[in-house]
Amino acid sequence: AGVPIVRRAVSDRKKTAAQLNRSRRAREREQEAAAAREQRKREVQLGRLGPILSQLSKEERGRERRREAAEERESARRKRLGKLKYEERRPEVLLSEELGSSLRALPRPAEVDLLADRFDSFKERNLVEVRKR
């Protein structure tokens with residue numbers, strides 16, 4: 001009850017038929033113009049739809065390529081079997097004092113251990129778990 005009531009001034013004159021028709025036609029023209037503006041907006045958006053869709057498909061192809069490359073790198077990388085890292089065996093070399101004067105005078109290396117070499121190869125290629133020697 002504390003809200004004031006606002007009243008508009010009411011004109012005593014009634015609009016004539018011509019005035020009613022004129023205001024109705026103006027209202028219709030305004031609605032048609034608004035509809036035309038909305039239609040042009042939609043057409044502009046549809047016109048931009050092609051480049052937007054091509055950009056999206058290009059980005060999607062790029063993402064797909066990067067994902068495939070990452071999967072390929074992941075599958076190419078071998079998982080380490082044990083917690084120890086493979087260390088190459090030091091090659092057995094002779095000191096200059098131990099070398100003879102000719103190649104024939106070189107002492108023959110101890111029997112070549114084919115099984116140990118093969119096992120080292122497996123360790124290096126991560127086919128067998130590396131253990132302490």
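How big is the chain along each principal axis, measuring the range of its Cα positions in Å and listing the largest first?
Between the extreme Cα coordinates on each principal axis of the chain lie 135, 47, 27 Å.
Once the convex hull of the C-alpha atoms of the range 41-92 is built, how many Å³ does it hold per residue, rounded to a whole number?
In the range 41-92, the Cα hull volume divided by residue count equals 119 Å³.
Ignoring ligands, DNA and RNA, how do Asp12, Asp113, Asp120 rank by accessible area with a 1.4 Å probe, largest first?
Asp12, Asp113, Asp120
Using only Cα atoms, find the angle between the long axis of helix 114-124 and the longest principal axis of the chain, and express it within 0 to 90 degrees, rounded to the nearest 10.
The helix 114-124 is inclined about 20 degrees to the chain.
Report, in whole Å, the centroid distance computed from the Cα atoms of the range 6-84 and the range 114-133.
63
With a point put 7 Å past each Cα toward its Cβ, work out how far Ala35 is from Lys79 in nm, to one decimal.
Result: 6.6 nm between the two label points.
Among all lysine pairs in the chain that are eight or more places apart or on different chains, how many have alpha carbons less than 23 angstrom apart?
Pairs that pass both the separation and distance tests number 7.
The values are calculated or read from the model by the stated rules, or taken from the named source; none is laboratory data. Predicted, not measured: the structure shown is a model, and the values here were computed from it. FYI the Cβ positions are ideal-geometry reconstructions off the backbone, even for glycines, and counts take in every protein chain you see. These accessible areas exclude ligands, DNA and RNA; they are computed on the full protein's heavy atoms, side chains included. Shrake-Rupley method; radii C 1.70, N 1.55, O 1.52, S 1.80 Å.
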